[in-house]
1. Mind checking the angle between helix 101-127 and the chain's longest principal axis? C-alpha axes, 0 to 90 degrees, to the nearest 10.
2. State the label only: which of (i) 77, 51, 34; (ii) 101, 17, 16; (iii) 65, 36, 28 corresponds to Cα extents along the principal axes in Å computed from the shown model?
3. Placing +1 at every Lys and Arg Cβ and -1 at every Asp and Glu Cβ, with all other atoms neutral, what dipole size does the stretch 1-67 have around its Cα centre, in debye to the nearest 20?
4. Calculate, for E17 and S41, the FRET efficiency according to 1/(1 + (r/R0)^6) with r their C-beta to C-beta distance and R0 22 Å; round to the nearest 0.05.
5. By how many degrees, between 0 and 90 and to the nearest 10, does the Cα long axis of helix 14-27 differ from the longest principal axis of the chain?
Amino acid sequence: NASITVWIVAESDAANEVHAVNELLDTARITAHVAGVAPASDFAVTVRDADLVFAPMRIRQNGVFGPGGETLGVICRDLPLAVFATAAVPVELDVQPDDSTSAALAAARDRSDELLTRANELSENAGTL
């Protein structure tokens, strides 16, 4: 029974970071638990009990670095199976509909949100008549 736990690497403004990540996950319809915020220096310690770690990396002239600017060699020494990724272009999470029941429910939810927004607009306009 797999689950996704998200740790946010941030040094400040933790509440806004958690809110932004929760909104992103909700928009992309990704079921995940945001566990909290940890400084980059504690990355390996924070995720050491995970079965799989997926984390960002950066490539610079003098090497490949993970969260906190640590080299991947140092980080991977303390991790379970780890995947590091870097985006060549900005990444947008997008869920495409398929034939499953969950896709039908997601489409219905999207349509409901659209109709609610339109109803609110009409209500505001009616108040100005």
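1. Taking the Cα atoms of the chain, the angle to 101-127 is about 50 degrees.
2. (iii)
3. On the way: 4 positive and 8 negative charges, 60 e Å.
Rounded to the nearest 20 debye, it is 280 debye.
4. On the way: r = 16 Å, r/R0 = 0.74.
Efficiency at R0 = 22 Å is approximately 0.85.
5. 60 degrees
Every number here is computed from the coordinates shown, using simple stated rules; none is lab data. On a predicted model such as this, the values are computed, not experimentally measured, just so you know. As a convention, Cβ positions derive from the backbone with ideal geometry for all residues, glycine included, and neighbour counts pool all protein chains shown.
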